[in-house]
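Undergrad: Structure incoming, see below.
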Amino acid sequence: MSELSSPAPSSSVPVLVIGGGPAGLTAAAELQRLGQQVEVLEKDPEYVGGIARTVRYKQYRFDIGGHRFFSKSNEITQWWRDHLPPGDFIQVPRLSRIFYRGKYFDYPLKAMNALLNLGIFTSIVCVCSYFWRKLFPIQPERSFADWVSNRFGDRLFNIFFKTYTEKVWGMPCTELSADWAAQRIKGLSLLTAIKNALIPQKKDAGAALVKTLIDEFEYPKYGPGMMWEKVAADLETRGGRVRMGEGAVKLKREGLRVREVHSVNQAGELTVRPVDQVVVSMPLREHVLAYDPPLAPEVVAAAERLQYRDFLTVALMVRGSDLFPDNWIYIHDPAVKLGRIQNFNNWSKFMVPEEGTTCLGLEYFCFEGDGLWNMTDPDLIELGKRELEQLGLVSAKDVFDGSVVRMEKAYPVYYPGYADDVETIRGALSQIENLQVAGRNGLHKYNNQDHSMMTALLAARNLAGEKWDVWKVNTDAEYHEAGESGQEKGRLQPQRLN
Ligand SMILES: Cc1cc2nc3c(=O)[nH]c(=O)nc-3n(C[C@H](O)[C@H](O)[C@H](O)COP(=O)(O)OP(=O)(O)OC[C@H]3O[C@@H](n4cnc5c(N)ncnc54)[C@H](O)[C@@H]3O)c2cc1C
């Protein structure tokens, strides 16, 4: 492959969007609404939707994790409704539990359920360990382990937080930044959980909404991919282009303007596109390292430090329906590598074509290139069958088919110091005049779809002359899991730059 072999398109692309996930497609749709000509580059040859795609295997469909559609932003909820007819959404009753030592614990955690399941002796130890930490809190509170132990006590931290969190992130909880706990478990402690369980909560409109979000959620009947495939098709109908299987590899700049985007297709052929403006939702590390000439050495060094956690789903087709009532189950048992199980029958019956069968999504957290990632698909399917049987959830002989999907960079890692690195990068990128960034990995933020989309809407509007701060869109991705209401008002409020 040589750059000389690539004829550059002669006219420039008015706006090129890198990435065809929720952020890239939302930005492109908004730009089109604002009257711009857009082109999207998506490196995957088959699927749009990024992590929020829905994979098809034979007649079965499954997500990369299950993707609920919920948002505190009316604008995002309305956007979803505008882009997919109401009949394509279903209301899904929600049930998710934690499986620990052969018992099911409610998730979100409920104090009474947890204490009863643990038994009187362990419960007393948990409460004592909580008060011990109240008397002797870990200060300063730097890590996820410090944050959770201070609010729940060391014993409950070990039972309900340590194993699963370490499976997800692949690092000790002592090395994971306290920011992540503050975002995920915000405001909750053992005492507030017990208080909530004992004292009836005053209901306000916010609480009612949060309760609804906990009890049921919206979901496109063929999975989130249905939404993103429709958005991509609509873009093309209106004259936009979605170029599948083309990954951006270089951003050629002159001073503080991006002049060209170089991309490579599946055959390894290079295309050079002159661009007027760019929206980038590709991972922040790759984005920064793609500049030619490179950005300042300290910015490149910050980008090189950014870390990601990867993910793979082993979808297993199983004889029998009604295996368990949950949408998903967290597996806290350290004896298995499995982190979470999705039961797609309980997301949408439209995803499972054959009656009397079930499609389970077994989620394994890993690093690209590690032992799990490099296992062959048949070995991963065998591992999945073995672990389901070991947990007593499904008998291996009932599994009749399987498929594996590897998803790189599923999670941006909040390692200690990541916020300084992101800040260094943000400062440099904000100098580039014709660039906007958006999305989850695009901003290195643990964003759900709605937050990723909100950053994309604002990025598109910035190109049209508005001034929004995409880095300040709130990231309380699991706000309703905490079961708190009043605090949530006003979340996802975009902030204008002064
Ligand atoms: C297990 C799991 C469960 C989740 N559950 C939910 C949920 O229930 N509800 C919810 O709202 N959110 C959920 N999320 C979050 C949601 O998936 C993300 O917020 C959303 O997908 C982010 O959109 P994005 O466009 O920023 O990034 P991505 O989805 O990562 O999309 C980025 C796209 O860019 C493409 N790309 C990357 N590099 C290049 C390149 N160089 N050139 C061209 N294209 C490129 C990728 O192929 C991809 O298609 C979940 C995430 C995970 C990991």
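Undergrad: When the helix-only estimate is applied to the chain (DSSP H runs of n ≥ 4, each -39,500 (n - 2.57), divided by the residue count), what is the mean residue ellipticity at 222 nm, nearest 500 deg cm²/dmol?
TA: -10000 deg cm²/dmol
Undergrad: How much length is gained if the chain between residue 241 and residue 386 is pulled fully straight, taking 0.36 nm per residue apart and subtracting their Cα-Cα distance, in nm to one decimal?
TA: Extra length available between residue 241 and residue 386 comes to 47.7 nm.
Undergrad: Set the Förster radius R0 to 41 Å, insert the Cβ-Cβ distance between residue 125 and residue 322 as r into 1/(1 + (r/R0)^6), and round the FRET efficiency to 0.05.
TA: 0.65
Undergrad: To continue, here is another question. Helix 205-215 against the longest principal axis of the chain: what's the angle in degrees, Cα atoms only, rounded to the nearest 10?
TA: Between helix and principal axis, roughly 80 degrees.
Undergrad: Let me ask something additional. Just to verify a number: FRET efficiency for residue 396 and residue 56, C-beta to C-beta distance, R0 = 30 Å, to 0.05?
TA: Working from the Cβ atoms, E equals 0.75.
Undergrad: Moving on to the next point. So how tilted is helix 418-429 from the main axis of the chain? Cα-based, degrees 0 to 90, rounded to 10.
TA: 20
Undergrad: Using 7 Å Cα-to-Cβ label points, what is the residue 234/residue 136 separation (nm, one decimal)?
TA: So the two model labels end up 5.9 nm from each other.
Undergrad: Let's see if you can work this out: charge +1 on each Lys and Arg Cβ, -1 on each Asp and Glu Cβ, no other charges. What is the dipole magnitude of the chain about its Cα centre, in debye to the nearest 20?
TA: 1260
Undergrad: So how far apart, in nm, are the two label points at residue 116 and residue 175 if each is 7 Å from Cα heading toward Cβ?
TA: The modelled label-to-label distance comes out at 4.0 nm.
Undergrad: Return the distance in nm (one decimal) between the two label points of a simple spin-label model at residue 267 and residue 292, each offset 7 Å from Cα along Cα→Cβ.
TA: Using points 7 Å along Cα→Cβ, the separation is 2.1 nm.
Undergrad: Can you tell me what share of the DSSP beta bridges in the chain is antiparallel? A percent to the nearest 5 is fine.
TA: Percent antiparallel among DSSP bridges in the chain is about 70.
Undergrad: Ok, one more. Relative contact order, percent, of the chain when contacts are C-alpha pairs under 8 Å separated by at least 6 residues?
TA: 24
Undergrad: Tell me the angle of helix 22-33 to the major Cα principal axis of the chain, expressed in degrees between 0 and 90 and rounded to the nearest ten.
TA: Tilt of helix 22-33: around 50 degrees.
Undergrad: Turning to a different aspect of this structure: Give 72/467; 167/467; 167/397; 167/385 a once-over and call out the pairs whose C-alpha atoms are over 30 Å from each other.
TA: With Cα atoms farther than 30 Å apart: 167/467.
Undergrad: Taking 0.36 nm per intervening residue step and subtracting the Cα-Cα distance, what contour gain separates residue 106 from residue 249 on full extension?
TA: 47.0 nm
Undergrad: Within 10 Å of each residue's Cβ, count the other Cβ atoms and sort 322, 63 from fewest upward.
TA: Starting with the residue having the fewest Cβ neighbours, the order is 322, 63.
Undergrad: Based on the inverse mean of 1/r over its pairs of different Cα atoms, what is the Kirkwood hydrodynamic radius of the chain, in Å?
TA: About 23.9 Å for the chain.
Computed from the coordinates by the stated procedures, all read-outs in this text should not be read as laboratory data. Note that this is a predicted model, so its numbers are computed, not measured. With ideal geometry, Cβ positions are generated from the backbone for all residues, glycine too; neighbour counts draw on all protein chains shown.
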